[in-house]
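Reading through the structure tokens given below for one structure.
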Amino acid sequence: MSLQKANYFELFSLPVSFQLENAQLEAAYKKLQSEFHPDKAVNADDRTRLQALQQTSMVNDAYVTLKSPLKRAAYLLKIAGIDAEEHNQLHLDEGFLLQQMEMRETLESLIDDEDLEGLDAMKDSINKEKTSILAHFETQFTAGEFVGAKSTYNQLQFVYKLLDEIDKAEEKLLDY
Amino acid sequence: MAYSDKVLDHYENPRNVGRLDDKDQDVGTGMVGAPACGDVMRLQIKVNKEGVIEDAKFKTYGCGSAIASSSLLTEWVKGRTIDDAAKIRNTEIAQELGLPPVKIHCSVLAEDAIKAAISDVKKKRGESTETAQ
């Protein structure tokens with residue numbers, strides 16, 4: 001069986017959509033994983049083994065891409081012919097950047113105060129924001145508003161980064 | 001990846017970190033960001049009546065190269081006219097700091113920030129009565 005599919009969604013027999021059933025993704029991943037496991041090609045010739053390795057790596061890439069909402073959003077934009085990574089300052093809303101800057105400043109002072117409760121509260125509120133931006137992306141993408149969806153994706157990138165920074169701060173404080 | 005000595009110097013001792021009063025009519029603020037790395041940068045300039053940049057401050061949340069690019073830029077623009085400062089190219093910043101190709105976008109961010117700050121102060125001056133709400 002060949003893995004030549006139009007895209008990762010097709011590879012996993014999933015509809016090309018932002019909405020994704022995790023259970024379906026996991027099941028499809030496990031199935032493909034066992035089908036193409038390199039161990040099965042252990043006694044085969046070099047070419048077949050290399051192929052098995054490449055297929056496994058492709059299945060893994062596809063899984064990682066579809067599982068993460070952020071990566072999935074970028075991938076959907078790519079399928080729609082939009083380069084999500086290309087950016088121009090004009091696409092970024094100044095009010096949004098200002099808000100990001102303020103949140104980074106808040107985070108900095110929470111770290112200085114070693115305020116773990118504050119960090120938790122901040123994480124909760126950013127996670128709520130993330131959920132609402134993800135929903136917004138889905139609405140825009142489904143409606144075919146790709147330019148707007150791209151801006152929303154760019155905002156998500158900042159939000160994910162911020163959550164990352166909060167996690168790092170918490171880990172650092174808990175190590176004391 | 002190893003940072004150059006110049007990047008490390010600016011990273012460890014950033015120049016002109018802080019903020020200027022954005023309500024001041026002589027202050028221009030440039031807010032920019034790089035979605036791919038989640039970096040945010042605020043660069044502010046205080047411009048006198050002759051169009052000379054008297055003070056510059058920045059705050060950058062990002063990697064060492066982004067911090068160094070904005071730090072260096074605040075040093076460079078002080079004492080220059082805004083027209084002169086607008087001519088600074090990211091390639092000059094990248095060259096001075098010895099940024100590797102993967103970090104060139106950090107210097108682009110700094111160039112975008114100074115341009116945004118200059119256009120902000122120009123806008124304020126053009127519509128000084130309107131914006132003073």
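Among the numbered conditions (1) more than 14 Å from every other protein chain (Cβ to nearest Cβ); (2) in contact with a Phe, Trp or Tyr (Cβ under 8 Å, 6 or more places away or on another chain); (3) not acidic (Asp, Glu), the only one that A:Ala135 does not meet is (2).
Six or more apart or on different chains, Cβ under 6 Å: which pairs go from a residue in the range A:130-155 that's over 11 Å from A:Ala73 (Cβ atoms) to one that's of a type outside the set (Val, Ile, Thr) and assigned to a helix (DSSP H, G or I)? Could you list them? That search, which allows pairs on different chains as well, returns A:Gly148/A:Gln140; A:Ser151/A:His91. Out of curiosity, is A:Ala74 among the hydrophobic types (A, V, I, L, M, F, W, C) and more than 14 Å from chain B (Cβ to nearest Cβ)? So A:Ala74 does not fit the description; no. Suppose the filter is among the small types (Gly, Ala, Ser), within 14 Å of chain B (Cβ to nearest Cβ) and within 21 Å of the chain's Cα centre (by Cα); does A:Ala143 pass it? The answer is no for A:Ala143.
Would it be correct to say that A:Lys30 is free of Cβ contacts under 8 Å to residues at least 12 places away in the same chain, of a type outside the set (A, V, I, L, M, F, W, C) and part of a loop (DSSP other than H, G, I, E, B)? If you could, list the steps in order and put the result at the bottom.
On the way: free of Cβ contacts under 8 Å to residues at least 12 places away in the same chain: yes; of a type outside the set (A, V, I, L, M, F, W, C): yes; part of a loop (DSSP other than H, G, I, E, B): no.
No.
Regarding A:Leu97, is this residue at the interface with another protein chain (Cβ under 10 Å from one of its Cβ atoms) and of a type in the set (A, V, I, L, M, F, W, C)? Yes.
Readers should treat all values here as calculations from the given coordinates under stated rules, not as data from a laboratory. Since the structure is predicted, the reported quantities are computational estimates derived from the model, not experimental observations. As a convention, Cβ positions derive from the backbone with ideal geometry for all residues, glycine included, and neighbour counts pool all protein chains shown.
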